[in-house]
Amino acid sequence: MITETAQAKINLTLSVGEKRRDGYHTIDSVMHSISLSDSITLERGEDISLSIVEGTAPAGKDNLMVRVAELFFREKGISGGVHLTLSKHIPAEAGMGGGSSDAAAVLRGLARLYGTGDSLETLAAMGASLGADIPFCVLGGACRCEGIGEVLTPLTPWPGLPLVIVRPETSVSTGEAYRLLDGRNLRPRDRTEDCMKALEDRDRQELYASLSNDFEDALFPKNAMLAETSSILHSLDRPALMTGSGSAFFLFPKDGEEGKKLAGELKKSHPSWFVETGETVGKRKS
């Protein structure tokens, strides 16, 4: 039995291009791994099975973990199986890569369990066919993500930045989010290169100034709860941004102690919200 940690991600920037002929959109985004995570254990078996012991997630082939395990065995020509046990903590439909990070952890775990010797880069390329966020979640750390998210340029991560993660009691369909975005004629300026420089220079003020997400302008007029959450977080006078296509947000407190205090206040005033503290984390080791 082995255990893998599936770390959530946040988008520090997210600029969305026009829709391609295949129906996908190009993006330009800085993604960063964070400490909020799921835990997955893997045991050899005769077939592929999944047990969910904490939290909620799809079962069987509706779960990306099962499909990526099938892909791994097919690509490697291995006839064995695996029993997966999931402890789920990353909120679903939150723009935090919860399903993709679980799938990425399965790829890493299977390579260890069966001793295939695959590099993280090889596993990332393998997972790209099932989800554009899987390659980043395999590697972790910080990356510029282009194409539909699968073209990665590793960046210097900035581990240890304290965070407060907030998900209001609403969900956003990715398809609907892109539909609303396509209906807008103007997009904010792409701040990705500004963010990359801020990470390299370890400049907090420049990092905060570079935070940007095209989906905010598209979704907030149509989803009052998202707009209200953003307003509440910004009223705390700390940098805050929605991640991905929503519905989770992250806020940068001054330090960990302030983060705990703010999280406690938000939990008290909004008991139905998911609220957790965390921090950014570094790149995974091969």
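Since every read-out is calculated from the coordinates, none of them should be taken as a lab result. Since the structure is predicted, the reported quantities are computational estimates derived from the model, not experimental observations. Neighbour counts run over all protein chains shown; Cβ positions are idealised from the backbone, glycine included.
Suppose we filter G55, G45, G117 for residues that are without any contact (Cβ under 8 Å) to a residue 40 or more places away in the chain and in contact with a Ser or Thr (Cβ under 8 Å, 6 or more places away or on another chain); which single one remains? Spell out how you get there, then give the answer.
On the way: G45 fails: in contact with a Ser or Thr (Cβ under 8 Å, 6 or more places away or on another chain); G117 fails: in contact with a Ser or Thr (Cβ under 8 Å, 6 or more places away or on another chain).
On inspection, the qualifying residue turns out to be G55.
The residues on offer are V30, V53, and the sole one that is within 15 Å of the chain's Cα centre (by Cα) and among the β-branched types (V, I, T) is V30.
Among the candidates L36, L42, L84, L50, the residue that is surrounded by 16 or more Cβ atoms within 10 Å (Cβ to Cβ), aliphatic (A, V, I, L, M) and under 29 Å from L155 (Cβ atoms) is uniquely L36. Within segment 157-187, the residues that satisfy the criterion of being among the polar types (S, T, N, Q), in contact with a Ser or Thr (Cβ under 7 Å, 6 or more places away or on another chain) and part of a loop (DSSP other than H, G, I, E, B) are T170, S171.
Mind listing whichever residues of segment 252-286 are part of a strand (DSSP E or B) and not aromatic (F, W, Y)?
Of the residues in segment 252-286, the ones part of a strand (DSSP E or B) are 274-280, 283.
Hits for segment 252-286 are V275, E276, T277, G278, E279, T280, K283.
Identify, please: which residue in segment 268-286 is over 22 Å from the mean Cα position of the chain (by Cα) and without any contact (Cβ under 8 Å) to a residue 60 or more places away in the chain and is, among those, nearest to E169 (Cα to Cα)? Residue satisfying both the conditions and the ranking: P271.
Taken over segment 148-160, residues that are surrounded by fewer than 17 Cβ atoms within 10 Å (Cβ to Cβ) and in contact (Cβ under 8 Å) with a residue 60 or more places away in the chain amount to 3. Note on segment 194-244: residues that are within 20 Å of the chain's Cα centre (by Cα) and assigned to a loop (DSSP other than H, G, I, E, B) amount to 4. Annotation: of all residues in segment 114-161 being more than 12 Å from the chain's Cα centre (by Cα) and among the acidic types (D, E), the one that is nearest to K19 (Cα to Cα) is E146. Say we look at segment 170-196 and pick out the residues that are touching a helix residue (DSSP H, G or I) at 6+ places or on another chain (Cβ under 7 Å) and farther than 16 Å from E18 by Cβ; which of these is surrounded by the fewest Cβ atoms within 10 Å (Cβ to Cβ)? Restricting to residues being touching a helix residue (DSSP H, G or I) at 6+ places or on another chain (Cβ under 7 Å) and farther than 16 Å from E18 by Cβ, the top hit is T170.
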